[in-house]
Amino acid sequence: MNVRRLSWNHFRNLRAGEFEPCAGVNVIYGQNAQGKTNLLEAMWLFTGERSFRGAKDAELVLQGETAAALRMDFWSEGRGQTAKITVAEGRRTAELNGIPKGACSALTGKFCAVVFSPEHLSLVRGGPSLRREFVDSALCQMKPGYASLLSGYNRTLFQRNALLKDIPRHAELMDTLEIWDERLSQFGERVIRQRTAYLKALSEPAAGFYAGISSNRETLSFVYRKSAEDLRRALAEERREDVLSGHTGAGPHRDDVDIFVSGLNARAYASQGQKRSVVLALKLAEAELLSRMTGEKPVVFLDDVMSELDARRQDYLLNHLTEFQVFLSCCEPGAARQMKSGALFRMEDGALSAVPPA
Ligand SMILES: Nc1ncnc2c1ncn2[C@@H]1O[C@H](COP(=O)(O)OP(=O)(O)OP(=O)(O)O)[C@@H](O)[C@H]1O
């Protein structure tokens, strides 16, 4: 899968323009606030997902204008395809190969990508919910039934928590808790099984990418940490505490993923560069698993990834991710000039220009 050509009109600070990236690594450099992330965001929207910055649709339109338009020619499913996105009146609509598709989510699965942005560092630095979210959103993409399983679990959890809050005022409700415990543990055990299996599959490519990024000097591993070994039993044993707190204390909504760099917990011990490398390895491994499933290599967007990485790690990203089409944004073109192949572009005040090889 790769992007052949992108054109834009009134998308954020990108007024009107187009570019034709190469099939390998494309480096977009420029000073702060020139539009590099905006360009990656424009391409990312063709995955059918929301902006990776969590932006509202109305914010995507150039200030003072009423609509933004994007057009992407890309290679997917063995043929050239064209998709268009229009952002107007606060919503995004799409067209694929000349056919109007309505909401942009209709593009899901047509153009696949993974993205690293500095906010994703909280995957290592932040609390457990972000790590659960990473696994859950990957599973939602890969396993069609997972989203409904997860929402079944969350719905049941919500209902059990509501009941826990009612019990102090209506003691007779205590007897009904058992039904919810049974339902919750059935959903919960399936969620745990799926997450564990995904992380097991992810561990080999993630370890491989991390070994590459660290020039084989460090290792990456992770384990799924359950809040209870036996969920059914934990729910029964902790009923009294749950009633007192009004919350369910055990279950996949409390689980975590422990990440280790060379055997040490990354959240507590990893350096800034190591944390960045961990997130990169996880994202690339996610791309690898997606490609094993779909038979297509997703496009990789790396926003502002180079800072805090030493020369060897930068070299890995620029010269060793040969299987993927990569878009990488950075402030300084220095490291990119060491690229053995690939293309270099300069972004200045929303205008993109190709920089000829030195
Ligand atoms: N809807 C919009 N209309 C006009 N300008 C916008 C809009 N949205 C964002 N911008 C402008 O785009 C610029 C930011 O672009 P972007 O986030 O792509 O920067 P960047 O080149 O990635 O910078 P950095 O290196 O700091 O991350 C800012 O100047 C911002 O004001």
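The values are calculated or read from the model by the stated rules, or taken from the named source; none is laboratory data. Small disclaimer: the values here were computed from a predicted structure and weren't measured. Quick reminder, even Gly has a Cβ in these numbers, built from the backbone with ideal geometry, and neighbours come from all protein chains shown. The protein model used for the area step is the full one, side chains on, heavy atoms only, and it has no ligands, DNA or RNA in it. Shrake-Rupley method; radii C 1.70, N 1.55, O 1.52, S 1.80 Å.
For segment 246-319, state which GluC sites (Glu not before Pro) are in a DSSP loop and have at most 13 other beta carbons lying within 10 Å of their beta carbon.
When the GluC sites (Glu not before Pro) of segment 246-319 are filtered for loop state and at most 13 Cβ neighbours within 10 Å, nothing remains.
Restricting to DSSP H runs of at least four residues, report the calculated mean residue ellipticity at 222 nm for the chain, -39500 (n - 2.57) per run over all residues, nearest 500 deg cm²/dmol.
-12000 deg cm²/dmol
Starting from the Cα-Cα distance between Ala33 and Ala16, subtract it from 0.36 nm times their residue separation and give me the gain in nm to one decimal.
The Ala33-Ala16 span can extend by a further 4.4 nm.
So between Ala147 and Arg5, what do we pick up on full extension, going 0.36 nm a residue minus the alpha carbon distance?
47.8 nm
Could you give me the ³J(HN,Hα) list for segment 66-74, computed from phi with Karplus coefficients 6.51, -1.76, 1.60 and θ = phi - 60°, whole Hz, x at Gly and Pro?
Along segment 66-74, the couplings run 9, 8, 10, 9, 10, 9, 10, 9, 9 Hz.
Per residue, how much accessible area does the chain have with a 1.4 Å probe, in Å²?
On the way: 16690 Å² over 358 residues.
Heavy-atom accessible area per residue stands at 47 Å².
Applying the Karplus parametrisation 6.51 cos²θ - 1.76 cosθ + 1.60 with θ = phi - 60° to the phi angles of segment 277-285, what ³J(HN,Hα) value in whole Hz is obtained for each residue in order, glycine and proline being reported as x?
Coupling constants for segment 277-285: 5, 4, 5, 4, 4, 5, 5, 5, 5 Hz.
Carbon and sulfur: what percent of segment 123-267's accessible surface (1.4 Å probe)?
Values: 3970 of 7520 Å².
With neighbouring chains kept in place, the figure for segment 123-267 is 53 percent.
Efficiency by 1/(1 + (r/R0)^6): what FRET value for Glu59 and Ala103, r their Cβ-Cβ distance, R0 = 25 Å, to the nearest 0.05?
Using R0 = 25 Å, I get an efficiency of 0.90.
Given Cβ point charges of +1 (Lys, Arg) and -1 (Asp, Glu) and nothing else, what value in debye, to the nearest 20, does the dipole of segment 123-267 about its Cα centre take?
The calculation lands at about 440 debye.
Could you tell me which of the pairs Lys56/Lys101; Lys36/Lys101; Lys110/Lys200; Lys56/Lys275; Lys110/Lys143 are separated by over 23 angstrom between their Cα atoms in the structure shown?
Lys36/Lys101; Lys110/Lys200; Lys56/Lys275
If r is the Cβ-Cβ distance from Arg312 to Asp166 and R0 is 51 Å, what FRET efficiency results, to the nearest 0.05? Working shown, then result.
Numbers: r = 59 Å, r/R0 = 1.15.
E between Arg312 and Asp166, to the nearest 0.05, is 0.30.
Kindly sort His170, His120, His320 by accessible area of their heavy atoms, largest first, with the probe set to 1.4 Å.
Largest accessible area first, the list is His320, His170, His120.
Working from the pairwise distances between different alpha carbons, so that the mean of 1/r is found and then inverted, what is the chain's Kirkwood radius in Å?
For the chain, inverting the mean 1/r across all distinct Cα pairs yields 22.2 Å.
Could you point to the residue in Cys331, Gly90, Ser227 farthest towards the positive end of the chain's charge dipole, with +1 and -1 charges on the Cβ of Lys/Arg and Asp/Glu respectively?
Of the options given, the answer is Cys331.
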